[in-house]
Each structure stands twice: as structure tokens, then as C-alpha cells.
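Quick notes on the structure that follows.
The values are calculated or read from the model by the stated rules, or taken from the named source; none is laboratory data. No experiment lies behind these values; they were computed from the predicted model shown. So basically every Cβ, Gly included, is an ideal-geometry build from the backbone, and we count neighbours across all protein chains shown.
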Amino acid sequence: MATHKHPRRDLDELLTNPIRLSIVAALSGVERAEFALIRDAVEITDAALSKQVALLEQAGYLSVDKGRVGRRPRTWLRLTDAGRAAYGAHLRALRAIAGDSPFSG
């Protein structure tokens with residue numbers, strides 16, 4: 001019986017969704033970003049981003065801060081430490097899958 005574990009088992013189920021992966025990737029290089037900036041970067045609607053942000057926040061991957069700039073309300077998104085760790089592990093699993101072809105070499 002094989003003792004190897006296929007790297008797909010290390011993928012984060014939440015991040016296998018391309019929109020959520022794109023959101024986390026967009027936030028990975030910054031401390032925080034405005035909601036509208038992420039919406040435009042990922043090319044989705046406000047409603048679609050709100051839904052995905054809620055799922056990521058519930059999982060503890062994102063934090064959402066609301067405030068004002070002048071009189072205008074603003075929402076900022078930030079990856080949590082858990083979100084950064086999950087993103088890193090997910091990327092490592094993807095790289096392992098890509099490099100784990102029995103036909104490479």
C-alpha cells in the first residue's frame with residue numbers, strides 16, 4: 001500500500017474557488033486594500049465581492065474594517081495571519097501538484 005499522500009489533499013477547499021483565490025492573492029502583497037480596489041482588480045460586482053468576503057471572513061482569513069474618508073464611507077479588507085498561512089499552504093500544494101507529474105523528468 002502506498003504511503004504517499006497526493007498534494008491535492010493539501011489544497012484549501014475555500015481557496016479552490018477562483019474568485020476567492022483571486023481576492024486572497026490580491027490582498028497578499030499589501031497590508032490592506034479598499035473594497036473597491038479589490039472589486040476592480042478581481043473584476044466582479046460589489047454583491048459578488050461581498051458574498052466572497054463574508055465567506056473568507058467567516059473562515060478567519062480576512063478582516064473587514066469600516067470607516068470614513070471625509071464624509072464618504074469606506075471598507076478596507078486585510079488578510080489575517082491565518083489567511084496568509086492558508087494562502088501560502090495552498091500555493092505550496094499547487095506547486096507540488098504541478099511538479100508531481102509522473103511523466104516529467
Flag for LEU11 being more than 14 Å from LEU79 (Cβ to Cβ), under 13 Å from the mean Cα position of the chain (by Cα) and touching a residue at least 24 places away in the same chain (Cβ under 8 Å): yes
Among (1) touching a residue at least 12 places away in the same chain (Cβ under 8 Å); (2) among the charged types (D, E, K, R); (3) within 23 Å of ALA98 (Cα to Cα), the one test that ARG32 misses: (3)
Members of the stretch 39-71 found to be part of a loop (DSSP other than H, G, I, E, B) and surrounded by 15 or more Cβ atoms within 10 Å (Cβ to Cβ), listed by number: ILE44, ALA59, TYR61
Unmet criterion (only one of (1) among the β-branched types (Val, Ile, Thr); (2) loosely packed, with under 13 Cβ neighbours inside 10 Å; (3) at pLDDT below 95) for ILE97: (2)
Candidates ARG74, ARG20, ARG92, ARG84 - the one that is exposed (fewer than 14 other Cβ atoms within 10 Å of the Cβ), touching a residue at least 24 places away in the same chain (Cβ under 8 Å) and within 30 Å of HIS6 (Cα to Cα): ARG92
Top-ranked residue in the stretch 42-63 [being within 14 Å of the chain's Cα centre (by Cα) and without any contact (Cβ under 8 Å) to a residue 24 or more places away in the chain; ranked as nearest to ALA26 (Cα to Cα)]: VAL42
Qualifying positions in the stretch 1-36 - in contact with a strand residue (DSSP E or B) (Cβ under 9 Å, 6 or more places away or on another chain) and either among the basic types (Lys, Arg) or in a helix (DSSP H, G or I) (or both): ILE23, VAL24, ALA26, LEU27, SER28, ARG32, PHE35, ALA36
